[in-house]
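Peer 1: One structure, as structure tokens, below. Some questions next.
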Amino acid sequence: KFAVIDTPPAIKGCKNTELYWQINKCLYDKLYEHILKNLSLKTLNNQELRGEVIFNPRFTINEEGKIVHVNSIAPNQTIKDEIDRVIQLFDQVVIPGKRNGEPQNTYCETFRSLTIENIK
């Protein structure tokens, strides 16, 4: 069960983020950068998929600002497991979402894509 929040989860160090959408965008952009830097190219290359792959990172940021309950959607189980693994490694300091000034568990979900090309 998730409460409606007044302030979304945020990453310390995001500058010029005062509006709700800016805070969300910064969080998801930093997470996406982390995913791209840390995905196993070997794991992706071993898949039959090539070209643009759309995936759906889904997770909860708990009251302590930790990412928990990662359960992404991806084209197959191997890619899903790899994306989930990388999201769980995301160690930037996250400020939890708040409702009336109290930290709340916050469900997060976004859509992203990456391009898989043949790696020689």
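Peer 1: Around D6, which amide H atoms from residues at least 5 apart in sequence, or from another chain, sit under 5 Å from its own amide H, with H modelled in the peptide plane?
Peer 2: The answer is K98, R99, N100.
Peer 1: 7 Å from Cα along Cα→Cβ at both V93 and D81: what's the point-to-point distance in nm?
Peer 2: Here the answer is 3.5 nm between the modelled labels.
Peer 1: Loop sites only, by DSSP: take the GluC sites (Glu not before Pro) in the chain that have at most 11 other C-beta atoms within 10 Å and name the longest stretch containing none of them.
Peer 2: That would be 65-116.
Peer 1: Now for a different question. Students often get this wrong: which residues of segment 18-45 have the backbone nitrogen under 11 Å from the point 7 angstrom along Cα-to-C-beta of L114?
Peer 2: 32-45
Peer 1: Just to confirm my understanding: which cysteines in the chain have no other cysteine beta carbon less than 4.7 Å from their beta carbon?
Peer 2: C108
Peer 1: Here is a further query. Rounded to a whole number, what % of the accessible area of the chain do carbon and sulfur atoms account for, probe 1.4 Å?
Peer 2: 49
Peer 1: Would you mind checking the tilt of helix 20-38 against the longest principal axis of the Cα atoms of the chain, expressed as 0 to 90 degrees and rounded to 10?
Peer 2: 30
Peer 1: Follow-up question, since we're still on this one. Note the angle between two axes, namely the Cα long axis of helix 77-88 and the longest principal axis of the Cα atoms of the chain, as a number of degrees from 0 to 90, rounded to the nearest 10.
Peer 2: It is inclined by approximately 40 degrees.
Peer 1: Just going by the charge dipole of the chain, with Lys and Arg at +1 and Asp and Glu at -1 on Cβ, which of G51, P103, I5 is farthest out on the positive end?
Peer 2: Sorting the options by dipole projection puts first G51.
Peer 1: Restricting to DSSP H runs of at least four residues, report the calculated mean residue ellipticity at 222 nm for the chain, -39500 (n - 2.57) per run over all residues, nearest 500 deg cm²/dmol.
Peer 2: Using -39500 (n - 2.57) per qualifying helix, the result is -9500 deg cm²/dmol.
Peer 1: How much net charge surrounds T43 when only the other residues with a Cβ under 10 Å from the Cβ of T43 are counted, with Lys and Arg +1 and Asp and Glu -1?
Peer 2: 0
Peer 1: Same structure again: For segment 10-62, what is the accessible area per residue in Å², given a 1.4 Å probe and the full set of protein chains?
Peer 2: 61
Peer 1: Let me ask you something else. Let me know the longest stretch in the chain that avoids all chymotrypsin sites (Phe, Trp or Tyr not before Pro) found in a DSSP loop with at most 14 other C-beta atoms within 10 Å.
Peer 2: Answer from the scan: 3-110.
Peer 1: Can you tally the net charge around H34? Count Lys and Arg as +1, Asp and Glu as -1, for every other residue whose Cβ sits under 14 Å from the Cβ of H34.
Peer 2: Around H34, the surrounding residues sum to -1.
The values are calculated or read from the model by the stated rules, or taken from the named source; none is laboratory data. Just so it is clear, the structure is predicted and the values come from calculations on it, not from any experiment. Cβ atoms come from the backbone with ideal geometry, glycine included; neighbour counts cover every protein chain shown. Areas reflect the complete protein model, heavy atoms only, side chains present, ligands, DNA and RNA absent. Shrake-Rupley method; radii C 1.70, N 1.55, O 1.52, S 1.80 Å.
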